[in-house]
1. With respect to E73, determine if the residue is among the charged types (D, E, K, R), in contact (Cβ under 8 Å) with a residue 40 or more places away in the chain and farther than 27 Å from C241 by Cβ.
2. For I19, indicate whether it is among the aliphatic types (A, V, I, L, M) and more than 16 Å from ligand 2 (Cβ to nearest atom).
3. Out of S59, S40, I need the residue that is touching a residue at least 12 places away in the same chain (Cβ under 8 Å) and more than 16 Å from ligand 1 (Cβ to nearest atom). Which one?
4. Find the helices (runs of 4 or more DSSP H) located wholly in region 198-258 whose residues include 3 or more that are hydrophobic (A, V, I, L, M, F, W, C) and more than 15 Å from ligand 1 (Cβ to nearest atom), and list them.
5. Mind counting the residues in region 18-75 that are part of a loop (DSSP other than H, G, I, E, B) and touching a strand residue (DSSP E or B) at 6+ places or on another chain (Cβ under 7 Å)?
6. Among (1) more than 12 Å from ligand 1 (Cβ to nearest atom); (2) farther than 28 Å from E136 by Cα; (3) not hydroxyl-bearing (S, T, Y), where does I30 come up short?
7. Considering only region 190-197, I want to know if a residue exists there that is assigned to a loop (DSSP other than H, G, I, E, B), of a type in the set (G, A, S) and within 15 Å of ligand 2 (Cβ to nearest atom).
8. Within region 285-296, which residues are surrounded by 14 or more Cβ atoms within 10 Å (Cβ to Cβ) and more than 20 Å from the chain's Cα centre (by Cα)?
Amino acid sequence: MKYPVWMDVDTGTDDAVAILALHKLDCTEIIGISTVCGNSGLENSYRNTRSLNTVCRSSYPVYRGADKPLVREPFHALAVHGKNGLGDIIVPLPENETEYHEAAWEALYKAAREYKGKLKLIATGPLTNIAIAFTEYPDLKEYLDTILIMGGATREGNVTPCAEFNFYADPEAASIVLKSGVPIVLCPLDVTEKALLSPEDMEELRACGNDAGKFVFDILQKPWSFHKSIGNKGVQMHDSCPVLYLAYPEIFEGEEAGVVVETKSPLTRGKSVTDLYSDKQFEFKNALVVLDVDRKAFSEKLKELIKGI
Ligand code: BDR
Ligand code: CA
């Protein structure tokens, strides 16, 4: 049986690669994709995600979600992902596409009910849509099997010394989702910064002969120039971590922990505070925190999926 999966994204160059990988997994079926303001504005995130249906020759339903965080001003990452969020690459939308007008949180709730507690949710952007869904539909927690999240950092952050982008952009939403009571697999920077595609990997994809490989090469050139400029050895494929975890948990390592998100202090806004390294422990363990990955196995599996599209 295939796992029914819902994806919530702020596409985003690495979100795009993650969606392509999910599309190609044998063990999953994509039920719907919701989009949120994050790496760039909502309209880019919505359009970019729909354009992936062209790349995959698929027709996944794509929904519009929140155009700003719950209580904060929008915060973007254009320097990494380009002005349109997709490395400034523009792909045509599919011909004769169906547009879906339901709000992201309504569509997610409906799907969760329909799949009677079996739906797995992968979230790779700020958690605004999911927090709204839990607030509007408190019984949603009974209908989700697991939430796999790219977000947080148990040590230092990427956008501030303390915080990772998705949790920094909407800390209140991250806090609500982590307290939801649904089993959580959290992929913080600890693991996602190790999940690299090297320049050689990108070149291999460009040369592999399918459109998806060329597309991935093209959209990763903008983030690669950013990563290279700060001394990284490749492009960090943050958002593919929860996707690959679903299919290949054996290449990852993690630990159960208590995790909360800081919402009050300006200095530590969006920090994921865990009890992984402290004597004092929280009274709860609400997440499996993924901390490590076999880099080689990760990049090989990711390339294999993209090449197969
Ligand atoms: C996260 O922030 C975004 O820029 C990426 O798409 C990823 O979801 C990494 O901090
Ligand atoms: Ca993302």
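1. Spelling it out, it is not the case that E73 is among the charged types (D, E, K, R), in contact (Cβ under 8 Å) with a residue 40 or more places away in the chain and farther than 27 Å from C241 by Cβ.
2. So I19 does not fit the description; no.
3. The unique qualifying residue is S59.
4. Helices (runs of 4 or more DSSP H) meeting the threshold: 211-229.
5. If we filter region 18-75 for residues that are part of a loop (DSSP other than H, G, I, E, B), which is where we start, we get 25-27, 36-41, 57-61, 65-75.
Narrowing the set further to residues that are touching a strand residue (DSSP E or B) at 6+ places or on another chain (Cβ under 7 Å) leaves 27, 36, 60-61, 65.
Qualifying residue count, region 18-75: 5.
6. (2)
7. yes
8. K285
The values are calculated or read from the model by the stated rules, or taken from the named source; none is laboratory data. Keep in mind it's a predicted model, so treat the numbers as computed, not measured. Note that we place each Cβ from the backbone using ideal geometry, even for glycine, and neighbour counts take in every protein chain shown.
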